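Structure, as structure tokens:
The values are calculated or read from the model by the stated rules, or taken from the named source; none is laboratory data. Remember, predicted model here, so these are calculated numbers, not experimental data. Cβ coordinates were reconstructed from backbone atoms using ideal geometry, including for glycine residues, and neighbour counts include every protein chain displayed. All accessible areas refer to the heavy atoms of the entire protein, side chains included, with ligands and DNA or RNA removed. Shrake-Rupley method; radii C 1.70, N 1.55, O 1.52, S 1.80 Å.
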Amino acid sequence: MADPSGQRPASPLSWWSPAHGRAHGRYSPAPLPLPLPPVLRTVVAAAGWVRGRPRAAVPPVAAAPAGAGCRHGAEGTWTRSGRAVYADVSTRGYSRCQMSASSGPGTVGGVKLSRPARRALLVVHVIASAGWLGLTAGLLALGVTANTTGSAGMLEASVRAMDLLADLLLLPLALPTLVSGLVLSLGTPWGLARHRWVWTKFWLTLATTTATVFALRPGVNAAVEAVVAGDSLPDGGDVLTGPVVSLTAYVFMTAVSLLKPWGLTRRGRRLREAARRPAPAEPARV
């Protein structure tokens, strides 16, 4: 029962309708009808839902001038498609005109992944990366147990479990992570060598995959052979160093993927400047 005069409706739930917000010129819900505790009032006020106080209106998006290229201004960013967009806060000043995953071509022959293919690869990449991270944490726990236990049975069980996990799961998780990340970077405007965080993550993934094949698995296999033969653990570092280094690298790469730091590489800056140059005018036809 909303009143056009501005009185509160009878039902508290009707206050949250978009129509009520548009009628009162607000982009946020109307004032809350019930008193709030001080802590919750502070949180609500910080979110812009102060009682009776509308949020600042977003300026309307104007049409781009004809033939406008990619340029930046205080009100937003003009894209080549002729509409204004705003830079994402999470990308530290990058605009969609620079690196939108849906607007620009890929980096190999201009071929861009379709949206379903990009989403499927992203799901594979995230699942494989998370599994690789969890598997490495489990290997580290088993390595610590093998180095600290005083029981021969527990020592043998720990190294056998490490050997089983390293042989069956490490490469099936490492290779999809590397390949899916490589295809995603080459098939989207992010590129492989355009942004420092992508370039760093690629080389770290390649290095950890190589270390898994040539260092971690041989060290675990040697420890299992020695323990099964009745000897003590030959070198505790063989079952600890690999998981510690790998886990540190995976946590770092996860943080880099979320924060996307460091900006563009030299190649990325050169390509951006080339894209911003105005195209040469075509000669007039008589």
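When the residues of the stretch 253-279 are narrowed to those that are in a helix (DSSP H, G or I) and open to solvent by 90 Å² or more (accessible area, probe 1.4 Å), which ends up farthest from THR177 (Cα to Cα)?
Step one: of the stretch 253-279, the residues in a helix (DSSP H, G or I) are 253-259, 266-276.
Still in the running and open to solvent by 90 Å² or more (accessible area, probe 1.4 Å): 258-259, 266-267, 269-270.
Working: LEU258: 16, LEU259: 19, ARG266: 26, ARG267: 25, ARG269: 27, ARG270: 29 Å.
Per the stated criteria, the residue is ARG270.
Hey, could you check the stretch 197-220 for residues that are of a type in the set (S, T, N, Q) and open to solvent by less than 60 Å² (accessible area, probe 1.4 Å) and say which is nearest to LYS260 (Cα to Cα)? Step through it out loud before you land on a result.
Looking only at the stretch 197-220, we keep the residues that are of a type in the set (S, T, N, Q), and these are 200, 205, 208-210, 212.
Next, only the ones that are open to solvent by less than 60 Å² (accessible area, probe 1.4 Å) stay: 200, 205, 208-209, 212.
Working: THR200: 11, THR205: 16, THR208: 20, THR209: 22, THR212: 26 Å.
The selected residue is THR200.
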(message) Go through (1) under 30 Å from SER114 (Cβ atoms); (2) of a type in the set (S, T, N, Q); (3) not in a helix (DSSP H, G or I) for SER232 and report which single condition fails.
(response) (1)
(request) Name every residue in the stretch 154-181 that is under 19 Å from the mean Cα position of the chain (by Cα), open to solvent by less than 80 Å² (accessible area, probe 1.4 Å) and aliphatic (A, V, I, L, M), in order of residue number. (result) LEU173, ALA174, LEU178
(message) Testing VAL126 on (1) under 25 Å from ARG194 (Cβ atoms); (2) modelled with pLDDT of 50 or more; (3) aliphatic (A, V, I, L, M); (4) open to solvent by less than 40 Å² (accessible area, probe 1.4 Å), one condition comes back false. Which one is that?
(response) (4)
(request) List every residue pair whose Cβ atoms sit under 8 Å apart, with the two residues 6 or more apart in sequence or on different chains, where the first one lies in the stretch 263-279 and is modelled with pLDDT under 90 and the second, anywhere, is open to solvent by 90 Å² or more (accessible area, probe 1.4 Å). (result) ARG276/ARG71
(message) Quick check on LEU216: is it among the aliphatic types (A, V, I, L, M) and closer than 17 Å to LEU173 by Cα?
(response) yes
(message) Name the residue that is least open to solvent (accessible area, probe 1.4 Å), counting only residues in the stretch 140-153 that are part of a helix (DSSP H, G or I), without any contact (Cβ under 8 Å) to a residue 24 or more places away in the chain and among the β-branched types (Val, Ile, Thr).
(response) THR145
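Any idea which residue in the stretch 182-196 is farthest from ILE127 (Cα to Cα), counting only those that are open to solvent by 40 Å² or more (accessible area, probe 1.4 Å) and assigned to a loop (DSSP other than H, G, I, E, B)?
Residues of the stretch 182-196 open to solvent by 40 Å² or more (accessible area, probe 1.4 Å): 182-183, 186, 190, 194, 196.
Checking which are assigned to a loop (DSSP other than H, G, I, E, B) leaves us with 190, 194.
Details: TRP190: 20, ARG194: 25 Å.
Only one residue fits best here, namely ARG194.
Name the single residue, out of those in the stretch 221-243 being among the β-branched types (Val, Ile, Thr) and open to solvent by 70 Å² or more (accessible area, probe 1.4 Å), that is nearest to LEU175 (Cα to Cα).
The residue in question is THR241.
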